[in-house]
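Visitor: Before we start, here is the structure in question, set down as C-alpha cells.
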Protein chains: 2
Amino acid sequence: MGSPKSLHGVNFAPPRSFGTVLKANLKETLFPDDPFYEFKNEKLSTRILKGIQYFVPICQWLPKYNFGLFKFDLLAGITIASLAIPQGISYAKLAELPPIIGLYSSFVPPLIYAIFGSSKHLAVGTVATCSLIMAESIQQKVKPEDNMQLYVGLFYTATLISGLLQTALGVFRLGFLVDFLSHSTITGFMGGTALVICLQQLKGMLGLKHFTSHTDVVHVLRAVFENRKEWTWQCAVVGVIFLTFLQLSRYVRKKKPNLFWVSAIAPIIVVVVGCLFAYLFNAEKHGIAIVGKLSKGINPPSIHLINFSPEYISVVLKAGIVTAMVSLAEGIAIGRSFSMMNNEQIDGNKEMVAIGLMNIVGSLTSCYLSTGPFSKTAVNHNAGCRSQMSNVVMSMCMLLTLLFLAPLFGYTPLVALASIIMSAMLGLIDYEKAYHLYKTDKFDFLICMVAFFGVAFISMDMGLMMSVGLALVRALLYVARPPTCKLGTVTNNAFRDIEQYPGSKQTPGMLILKLGSPIYFPNSNYVRERILRWVRDEQSLENSKRNEIEYLILDFGGVTSIDITGVETLFETRRSLAAKSIKIILVNPRLGVMEKLIVTRFIDVIGKESVFLTIEEAIENCRFSLNSSSQTKKEDVEIA
Amino acid sequence: MGSPKSLHGVNFAPPRSFGTVLKANLKETLFPDDPFYEFKNEKLSTRILKGIQYFVPICQWLPKYNFGLFKFDLLAGITIASLAIPQGISYAKLAELPPIIGLYSSFVPPLIYAIFGSSKHLAVGTVATCSLIMAESIQQKVKPEDNMQLYVGLFYTATLISGLLQTALGVFRLGFLVDFLSHSTITGFMGGTALVICLQQLKGMLGLKHFTSHTDVVHVLRAVFENRKEWTWQCAVVGVIFLTFLQLSRYVRKKKPNLFWVSAIAPIIVVVVGCLFAYLFNAEKHGIAIVGKLSKGINPPSIHLINFSPEYISVVLKAGIVTAMVSLAEGIAIGRSFSMMNNEQIDGNKEMVAIGLMNIVGSLTSCYLSTGPFSKTAVNHNAGCRSQMSNVVMSMCMLLTLLFLAPLFGYTPLVALASIIMSAMLGLIDYEKAYHLYKTDKFDFLICMVAFFGVAFISMDMGLMMSVGLALVRALLYVARPPTCKLGTVTNNAFRDIEQYPGSKQTPGMLILKLGSPIYFPNSNYVRERILRWVRDEQSLENSKRNEIEYLILDFGGVTSIDITGVETLFETRRSLAAKSIKIILVNPRLGVMEKLIVTRFIDVIGKESVFLTIEEAIENCRFSLNSSSQTKKEDVEIA
C-alpha cells in the first residue's frame, strides 16, 4: 500500500536525522537565548570584533564612554564605596575573618567585574549569607582562634573553588541549574538567614566575649543567656541608638525614594561617629570593644595560602559549592531584575563567568567570596549609575582607603558593625512575600517555610538542601502525575475539559482525552492506568448515561515528548483496549513525538488512518464508521 | 465593572477551595488506579467482605478453587520446584551463603505470597542480581570465611529492611517510585549484572580456590588469570558439557515453545547427573569440588541473628534499600506484564505489600531476599498455572526436599551450579532490546549503556545509581526545557506547528505560540527567554517578511500547571513585551492554571477581555482591533 507522507493532512514525514535532532536539542538546552544571534550574516572581521566585545564587554562600552556618563558613575561609585567600607568590615567580622579582608574584597573583584560583567547596575561586594555559610562550614575543622592563617587560607580556597565552579557553569552554559533554586526557596532561605544573622549580632550588641560557632536559633539564644554576666549595658545603649538611626534612615527612603542617599550613607555615618566616639571617650575602657589594628597597604597575594590538603578538602568543597550556588542565585537574579527594569537583556551564563572570574582572581589576592548583593546594587541603581564604571570608582575609593585611611577604621566599635548588619538583615525578611505565597500556593509556601525553619533551627546548608529537595520532589511529582482531562464539545470545533466547562457535550460511542506533558518513564505507568480508569469510569455509569465506547480519541497536542518506556506504554494500552474492542485514535502528535511513534512502528500498528490533525475530523470519521457498522448490524438482522 | 464569571465563553469561576484541590491531587498522586472503586455504592457488610478480599486475596480465590484448577497448579508447582532446587542452591552459593539457605528461601516466602499476592502467575524465588548485590555490599564489612554466623545474620537483617521498605512503599502507595527505574536502566543493569555474574562463574568452571570479592570485570579477570595454577581441566570439561546441555535445552524451547518443560527441568537434570557422577566417581579426588554437607530439617527461626548494631547498619541499609528497589522493579514489572498478557489488572502497590511481607517473614525464618524472578515466572506461566496455588505446591515440594532429600544434594559439584547460573544469565543479556534502543532513542540507549558499563566496570550499585541519575537528569531536562512552537493556520480553525506543517500560514500582526508542560521554577526563566526570542526572531526578519507584532497569542492548552515562580515570569514577560507595545493574549488556560492566574491577579492585570477559549476567536478579536486602530491612524493622518 506504500507509505504516503500524509493522510487526512497529518504529516508523516520520516524522522529527522539524529544529528539534526541532537543539534536542535543541544541548542535549546544550552543556548536558549541564542547569545550569538548578532553574529549571523556578518563578515569575519566583524564577527571577531563582536566576539571580543561579547566575551569582554568592556571593549564594547568603554570606547563609547564619555565624561557626561562618568559624572553619574562617579557619584554612584562614591556612594557605594561609602556602603562598602562598613559592610566589608561587618561581614568579615561576621565570618570571623580579619576585618581588613572585607576591605580587600571590595578592591580587586569590582575591577574584574567591570571588565567581564555585562550588567550596568550590579555593584560588587561581599554578602552576609555567604560569609556565614563559609564560616559555619570551615569552623567545623578549624577555629579562627586556633590558627588564623589556616582559617583564612581555607576561606581563599573555598572562594577559589566557588569561582572555578561558577566559571565552569557559565562556560558550559549550565546556568539553568541556578533556576532550581526557586523563588520560594530563596525567600525562605533569605528570611531564615536574616533571622539567624540578626541573632548572631546579639553578641556584638550585648558586648559578649564568649559565643557559639553554631548558627541555629537554639544554640545562639542559649549562648546569649548563658553568658548573661558578660552583658554590657553601655554596648546595648550605643547599639540601640545606632540601630534606631539606621532604621529611621531606611524609613525615610521608603517614604521619600528620592532621599535614598540618606540610607545609603547612614552606615558610614554610624562607622565614622562610632570611631570618633571610641577615640574621644576611650570606649574600650567602658567595655565597648573596637575592631582593632588595621594596617595600611593593598591586598597582598594569597596564592601560597590556598590549601587543598585532604584533611580540609571536604569542608572547603562543601562551602565552595553551596556558596557558589547561593551567590550566583543572588547575583544573577539581581542583575536580571534590574536589567529588566531598564529593558536590557542579560545573559545569565556570561554573568556567571564574570562573577566566577572575579572570585578566582579575588581568591589569589586576599579576597573572599563576593557577588552582586541586592542592597548595594539597589543603591548603585538609585544613585544613577550609568555603567560598570561605578564599580571602578568604588574600587579606587577602596584603594585610597586601604592606602591612607584603613588604620582610622580600627577604632570602629563592634557594636556599630552589629547594628549595621542587623539593620541590613531586618530588610531581608520578606513577610509580605511569604504571605503572598500562603495565599496563592500552599506548596510554594511549604517550600519557603522549610527553608526558613531549616535554616533557623538546623543549619544553613541543611535548610537550603531540604527546601531544594522538596521543590525537586514537587517538580518530579508534576512529572510523575501529568493531568489528563476528558473533553467535550463547547462550540462546533472547540473541545474543552468537561470539569472546567460543565456545559460541554460528549459524543456517544467516543471518549476524548487530552494528555499533557511528556510521556516517559516516571509517568508512563500512571498515564496507562489513568487512561484505563477513564474508560472504566465511562463504562460503569448508570445504564441511561452509560457510554459504550468504541473509540478512544487521544489529543496528543499537549504531549511535548515521549521516550521508549512511554511508547511501550502506548502499545500496552492499545492491547488492553483492544481486548475491550476499543480503538485508539491519535490527534495532532507534535513533531518530536510523531518521529518517535514512526520509528518505533506504533503508527504502523494503529494505522495511519487512525491519526488525525484535529479532534473534529477524528470525530467525524469515527461517527461515520460507527454509523456504517450499526448499519451493517441492522442489515445483518434484516437478512437473518 | 463587577467580575463576570465568563467572558467570550471563558470560565473565570473563583478557584476551588484548598481542601478540594489537595484532595484531588492526593488522590491522583497516591490512588491513580482508584483501587477502591468496587466498594462504592455497596452495603457495609459487602464493603467489609470486599475489604478483606482486597487486602488478603486468598479469601477471594480460595473459596472458588476446585480440583479441576488444582491439576494444573500441581503440574506447574512441581515444575517450578524442580527449578527452585538448583537455582536456590546456586544463588546462595553466589552470595557465598550456606547452600541450604537457598532451599529455605523457597519454602516460606511462596506460602506468604500465596496469601497476600494478587498475581496468578508470579513464581517466588531468589534472584541472582540481588544475591550478588547483597553479598558485594555486606562483604565490605564482613567476610563469610571470617564469621559465617554474623555474615548470614547481616543477610537476614538486610532482607528485613528490604521487606519493611517494600511494605511501607506499598502501604503509603509510593509504588510509583519504582517507575523511576526506567526500562532502559533495567535493560542495561540486567545485562551488566548478567555479564558480571557469568564472569564470576569462571571460578566454579575452572575450579579456582582463590578469588576476589570485587564484582567488576577487571578485578574478576585479573583474579582468574593470576590464579592460573589452580585451573582444573576436569572441572572445565564437565562445566562445558553441562553448559552445552543447558543451552541446547533453551534452544529447543525457543524453536518449539511447547517443549518449554525441557528447559525447565534441565537444571535439575544437571544437578542429579552431577550428584550421581560425583558420588560414583568420587569427583572430589579429581579436583571437582562439591557443595558439601547439607543437613535435613526445615527453616530454623532466625530472629536472634538480626543485627542492627551501628557498626554494620550502613552496609545492611544500603544493601536493603538497593535490593528492595531492584527486586520490586523485577517483581512488579513481571507480575504486570504477565497479567497484561491475560488481561487482568494488577495493583502494583498491593503487590509491593505482598512481596514486602514475604521478605519480612522470610528474614525471621532463615530466608534471604526473594521476589518474582522472570525465568521462574515464565516457566510457571508456560506450565499452565491457574492460581497462586502453584506457589503452595512448590513450597510443599521444598518441604519434602528439606525433610528427606537435602543431604543428597550435598554431592552437587560446584561446576554444575556454575553452569546453571551461567546459562540463566546468558539469557538476560538482551542485545535486541539494546539495539532497539539505539535505533529509536539515543538518550535511552545512553542510559542503558551507562548502567551496563557502570555495573561491569565499577560496581553494581554505582552502575545502577549512575544510570538512574542520568535518567533523572533527562527527566529534569524535559522539565527545564519544555518545547514551544510557533503556530500557523492549517485549515480554517486548526492551528499547527509551522515547522511540522510548513504549509500553514501566519496571521500578520500576531504571533501565536503553543506552550507545553508545567511552567514553574525549573523552566520559567527559559520560557520567558524563549518567548522573547520568538518575538525577536519574528521582528528581525528581512523587511519584506517582517512581521510587526502587536499581539502575542499564547496557547495555554498544553500548560498543565503553574507555580508562583511561573506566574512571576508571566508578569515579567508581560512587562518586557509592553515595552515593545505588544499585548499578551491567553487562549484556553486549563482549570488549575486558570485558578492560579486568578488568585495571583494576573488575569486582572491583562484583563479578562484578553483571555479566549479558542485561538480562532482570539485572532478574530485581535484582527478587529488591528483594523480599527489602523483605521484610526489613517483618520488621524487625514485630519492632519
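Values in this text are rule-based calculations from the coordinates and carry no lab data. This one's a predicted model, so the numbers in the text were calculated from it and none came from an experiment. Neighbour counts run over all protein chains shown; Cβ positions are idealised from the backbone, glycine included.
Visitor: Which value results when the Cα radius of gyration for chain B is divided by 2.2 N^0.38 Å?
Guide: 1.24
Visitor: How large is ³J(HN,Hα) for each residue in region A:101-118, as worked out from phi by the Karplus curve 6.51 cos²θ - 1.76 cosθ + 1.60 (θ = phi - 60°), to whole Hz, x for Gly and Pro?
Guide: For region A:101-118, the Karplus curve yields 5, x, 6, 3, 5, 9, 9, 6, x, x, 5, 5, 4, 4, 6, 9, x, 10 Hz.
Visitor: Next up: Mind jotting down a quarter of the surface of the convex hull over the alpha carbons of region B:483-639, in square nanometres, one decimal?
Guide: 9.8 nm²
Visitor: Rank by packing, highest mean first: peptides A:583-592, A:136-145, B:353-362, with packing defined as the count of other Cβ atoms within 10 Å averaged across residues.
Guide: Peptide ranking by packing, descending: B:353-362, A:583-592, A:136-145.
Visitor: Per residue of A:493-499, how many C-beta atoms from partner chains lie within 10 Å of its own C-beta, taken as a mean?
Guide: The shielding value for this peptide is 5.
Visitor: Only Cα pairs under 8 Å and at least 6 apart count here; give the relative contact order of chain A as a rounded whole percent.
Guide: So the answer I get is 21 percent.
Visitor: Would you mind pulling out the separation of the Cα centroids of region A:582-630 and region A:498-564, in Å?
Guide: Their Cα centres are 14 Å away from one another.
Visitor: Rounded to the nearest 500 deg cm²/dmol, what is the calculated helix-only ellipticity per residue at 222 nm for chain A, with -39500 (n - 2.57) per DSSP H run of length n ≥ 4?
Guide: Calculated at 222 nm, the ellipticity per residue is -19500 deg cm²/dmol.
Visitor: Mind scanning A:Lys254/A:Lys433; A:Lys318/A:Lys433; B:Lys209/B:Lys229 and naming the pairs with a C-alpha gap bigger than 19 Å?
Guide: A:Lys318/A:Lys433
Visitor: Based on the Cβ-Cβ distance of A:Phe172 and B:Lys27, what FRET efficiency does E = 1/(1 + (r/R0)^6) give at R0 = 51 Å, to the nearest 0.05?
Guide: After rounding, the FRET efficiency stands at 0.80.
Visitor: Quick one: in chain A, whose Cβ comes closest to the A/B rotation axis, and how close in angstrom?
Guide: Output: A:Gly558, 2.
Visitor: Between beta-carbons, use under 11 Å as the cut-off and find the net charge around B:Ala114, counting Lys and Arg +1, Asp and Glu -1.
Guide: Net charge around B:Ala114: 0.
Visitor: Please work out whether region B:50-111 counts as rounded, prolate or oblate from its C-alpha gyration tensor, where a ≥ b ≥ c are the square roots of the eigenvalues and a/c under 1.5 means rounded, while otherwise a/b larger than b/c means prolate and anything else oblate?
Guide: Taking the square roots of the gyration eigenvalues as a ≥ b ≥ c, region B:50-111 is oblate.
Visitor: I'd like the mean, over residues of B:582-589, of how many other protein chain beta carbons sit within 10 Å of each residue's own Cβ.
Guide: 1
Visitor: Given R₀ = 60 Å, what would the calculated FRET efficiency be for A:Ser309 paired with B:Leu69, taking r from the Cβ atoms and rounding to 0.05?
Guide: Here the calculated transfer efficiency is 0.25.
Visitor: Give the Debye-formula value of log10 I(q)/I(0) at each listed q (0.14 Å⁻¹), with one equal scatterer per alpha carbon of region B:381-538, two decimals each.
Guide: Ignoring solvent entirely, the Cα scatterers give -0.99.
Visitor: Right, here's the next one. Taking A:Lys93 as the anchor, which aspartates and glutamates have their alpha carbon closer than 16 Å to its alpha carbon, excluding any fewer than eight residues away along the same chain?
Guide: Cross-link targets: A:Glu136, A:Glu145.
Visitor: Moving to a separate point now. Which peptide among A:561-573, B:304-316, B:609-621 comes first, and what is the full order, when sorted by highest mean count of other Cβ atoms within 10 Å?
Guide: Averaged packing, sorted descending, gives the order A:561-573, B:609-621, B:304-316.
Visitor: If you don't mind, there's one more thing I want to ask. Count, for each residue of A:175-181, the Cβ atoms from other chains sitting within 10 Å of its Cβ, then give me the mean as a whole number.
Guide: Counting other chains' Cβ atoms within 10 Å and averaging over A:175-181 gives 4.
Visitor: Something else: Over 61 Å apart: what share of the alpha carbon pairs of the protein assembly as shown falls there, rounded to a whole percent?
Guide: Beyond 61 Å sits 25 percent of the P(r) for the protein assembly as shown.
Visitor: What is the sum of charges, Lys and Arg at +1 and Asp and Glu at -1, for the other residues whose Cβ falls under 14 Å from the Cβ of B:Ala319?
Guide: Surrounding charge for B:Ala319 is -1.
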